[in-house]
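Only one structure is covered here, and it is reproduced in the block below.
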Amino acid sequence: MLTCGGADIVADAERDLHRKTDGFATSFAAQARRLLRMHGLEGVLICSNAKGGEILHDGILSINIPRWWDTKQGWRYHLSRIVHGVKLAGYARRNGIDLAVIDSGTAHYFSLAAFKLYGIPVAVNFHNVRWPVGYEPSGPVKKLVRKLDSWFFRNVSVGALGCSPECSNQARADGAENLPFFPWSGQFMAEGFDSVLNPQEASVPFQLLFAGRVERNKGVFDLLTIASFLKGRAGRQIVVEFCGDGAALDELRQEIGRLGLSDMVIARGRLSASELAEAYSRCDALIVPTRGDFCEGMPLVSAEAVLSGKPVITSRLSNALPVLGGAIAEAEPEDIQSYVSAIAAMADQPEIYARHQQACADVSGQFLDRSLSFAAALDRLVKSVRPEHTPLKDYSRIFSA
């Protein structure tokens, strides 16, 4: 089996060998490695990290294969994604791979038809959707890519996996409604998440948390505009805390000062796992102001929030609403005043905050249910392709192995 994805497969493999992690969850690559080992199968895990390198352990090879022109735009971007897909298929053929699972964003989906030319079944794992909900591809190039990708899902892909119902909707769009789809939920360790069982009243001031990469398309500058509207208003004081690194972090810090928001907005940068756990503990709600130019799948930070007993303020662009239900206070995409209203209602009306917080307990179980894990979904996919395959009966072993 070959799987492609992850930020740095080699570093992840080294951590897994020593059972070390930088976060609350067992990584998807670690789940795949452990699943293969438990079945006694060989496998190759690949990502496009520019560092290169490889590590082999128990028949599982983890290797970083850099992608050409990875940061280019325009025609070079599209060519890099096509070439990378074909290159991965060639690698799979040379190494006797009999099933490939490719993460969203690795290559243009239609380029993965090269696997079929070599007689290798190929499936896609959706961490992200193909397009933001309500922002379908426009322009001749994007429409052509969608058309070609949809052809791939109708005629080539043997299945798909994904983190939200919208991943399924888009994988099966444009006539691919018969494509087998295997959903999964991000999985976390129960330790450190007992606060969902012990809800607390909102603090004074009301503390909002943004956790994730600090990028413009994640809505970080929209959040500064939101903060400007909230500053000095009547009602409970509000504090906004940014936790995470990213290309826009320095610009964000400069903008905080320029807007005179230093007394209510803090940009902490990248935090350790323990520091991030503390950030979740002291916040009252998570905010995910994703913009219409980012293809969010279902942000894992939202799962971390509800496991911490903290409601989420976001729009349909996060694709978290069908997953988290009442734990979410919904705002309209890219609508500053809608976000301001949702935040103010949660901060000023205890009954609204309590209702969203109670819902956290109702939806959090899926993130501790190993039968809903990526490993379980991957096992079911393999069974659909290889009927003789026998899935595991207990996936909790994946998370304690």
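All of the numbers you see were taken from the coordinates with simple rules; none came from a lab. Note that this is a predicted model, so its numbers are computed, not measured. Note that each Cβ is placed from the backbone with ideal geometry, even for glycine, and that neighbours are counted across all protein chains shown.
What order do you get for M38, M264, M346 when you list them from fewest to most C-beta neighbours inside 10 Å?
On the way: M38 16, M264 19, M346 25.
Starting with the residue having the fewest Cβ neighbours, the order is M38, M264, M346.
Over its Cα atoms, what ratio of radius of gyration to 2.2 N^0.38 Å does region 194-365 give?
This ratio for region 194-365 stands at 0.93.
Report, in whole Å, the centroid distance computed from the Cα atoms of region 111-178 and region 342-360.
Using only Cα atoms, the two centres lie 37 Å from each other.
What FRET efficiency would be calculated for the residue pair E201, L117, taking the C-beta separation as r and a Förster radius of 45 Å, to the nearest 0.05?
Numbers: r = 61 Å, r/R0 = 1.35.
That pair, E201 with L117, gives E of 0.15.
For the chain, what proportion of DSSP beta bridges, expressed in % and rounded to the nearest 5, is antiparallel?
On the way: 5 of 44 bridges.
Of all bridge pairs located within the chain, approximately 10 percent are antiparallel.
For Cα pairs less than 8 Å apart in space and 6+ apart in sequence, what is the mean separation divided by the residue count of region 194-365, i.e. the relative contact order in percent? Don't skip to the answer; put the middle values down first.
Details: 318 pairs, mean separation 45.6, N = 172.
Reported as a whole number, the value is 27 percent.
Just want to confirm a number: the relative contact order over region 208-302, from Cα pairs under 8 angstrom separated by 6+ residues, in percent. Walk me through the numbers before you get to the answer.
Values: 117 pairs, mean separation 40.9, N = 95.
Answer for region 208-302 is 43 percent.
Quick one: K231, K147, K310, fewest Cβ neighbours within 10 Å first, how do they rank? Mind showing how you got there, number by number?
On the way: K231 16, K147 12, K310 28.
Least crowded to most crowded, the residues run K147, K231, K310.
In debye to the nearest 20, how big a dipole does the chain give about its Cα centre with +1 on each Lys and Arg Cβ and -1 on each Asp and Glu Cβ? List each step's numbers first, then the result.
On the way: 43 positive and 44 negative charges, 280 e Å.
Taking the Cα centre of the chain as origin, the dipole is about 1340 debye.
For a Förster distance of 41 Å, can you work out the FRET efficiency between the beta-carbons of L79 and F229, rounded to the nearest 0.05? The partial results should precede the final answer.
Values: r = 43 Å, r/R0 = 1.05.
Approximately 0.40, to the nearest 0.05.
Multiplying the sequence separation of R268 and H39 by 0.36 nm and subtracting their Cα-Cα distance, what value in nm do you get? Intermediate values should be presented prior to the final figure.
Working: separation 229, 0.36 × 229 = 82.44 nm, distance 4.26 nm.
Between R268 and H39, full extension yields an extra 78.2 nm.
Going by how many other beta carbons lie within 10 Å of each one, how would you line up H127, H39, fewest first?
Working: H127 22, H39 16.
Ranking H127, H39 by Cβ neighbours within 10 Å, fewest first, gives H39, H127.
Roughly speaking, what is the stretch gain from S400 to S338, that is 0.36 nm per residue apart minus the C-alpha to C-alpha distance, in nm to one decimal? Present the calculation step by step, with values, prior to reporting the outcome.
On the way: separation 62, 0.36 × 62 = 22.32 nm, distance 4.30 nm.
Gain in length upon complete extension: 18.0 nm.
Stokes-Einstein D for region 98-141 at 20 °C, 1.002 mPa s, Kirkwood Rh over Cα pairs, in µm²/s?
Numbers: Rh = 12.0 Å.
Translational D for this selection: 179 µm²/s.
What full-extension length gain, to one decimal in nm, is calculated for R216 and L392 as 0.36 nm per residue of separation minus the Cα-Cα distance? The partial results should precede the final answer.
Working: separation 176, 0.36 × 176 = 63.36 nm, distance 4.18 nm.
Gain in length upon complete extension: 59.2 nm.
Tell me the trypsin sites (Lys or Arg not before Pro) within region 332-393 that lie in a loop according to DSSP and have at most 10 other beta-carbon atoms within 10 Å. Don't skip to the answer; put the middle values down first.
Details: sites: R355, R370, R380, K383, K393; in loops: K393.
Loop-located and lightly packed - K393.
Applying 1/(1 + (r/R0)^6) with R0 = 30 Å to the Cβ-Cβ distance of H57 and N155, what FRET efficiency is obtained, to the nearest 0.05?
Values: r = 37 Å, r/R0 = 1.22.
With a Förster radius of 30 Å, E is 0.25.
Under 22 Å Cα-Cα from K393, which lysines qualify once same-chain neighbours fewer than 8 residues away are excluded?
K383
Hey, if you put +1 on the Cβ of every Lys and Arg and -1 on every Asp and Glu Cβ in region 194-365, which of A285, G269, P322 ends up farthest toward the positive end of that dipole?
Going by the Cα projections, it comes out as G269.
Roughly what % of Cα-Cα distances in the chain sit above 26 Å, to the whole percent?
Tail of P(r) above 26 Å: 55 percent of Cα pairs.
Below 30 Å Cα-Cα, how many Lys pairs turn up in region 91-232? Only count pairs eight or more apart in sequence, or on different chains, if you could. List each step's numbers first, then the result.
Details: K116/K142; K116/K143; K116/K147; K142/K218; K143/K218; K147/K218; K218/K231.
Lysine pairs meeting the criterion: 7.
Based solely on its DSSP helices, what 222 nm [θ] is calculated for the chain when runs of n ≥ 4 H residues each add -39,500 (n - 2.57) and the sum is averaged over all residues, nearest 500 deg cm²/dmol? List each step's numbers first, then the result.
Details: 14 runs with 151 residues, N = 401.
Calculated at 222 nm, the ellipticity per residue is -11500 deg cm²/dmol.
So what J values fall out for region 52-61 if you push phi through Karplus, 6.51 cos²θ - 1.76 cosθ + 1.60 with θ = phi - 60°, rounded to Hz, Gly and Pro as x?
In residue order, the calculated couplings are x, x, 7, 8, 10, 8, 6, x, 10, 9 Hz.
Name the residues of region 103-124 whose amide N is less than 20 Å from a point 7 angstrom out from the Cα of W68 along the C-beta direction?
Flagged as within label range: 105-118.
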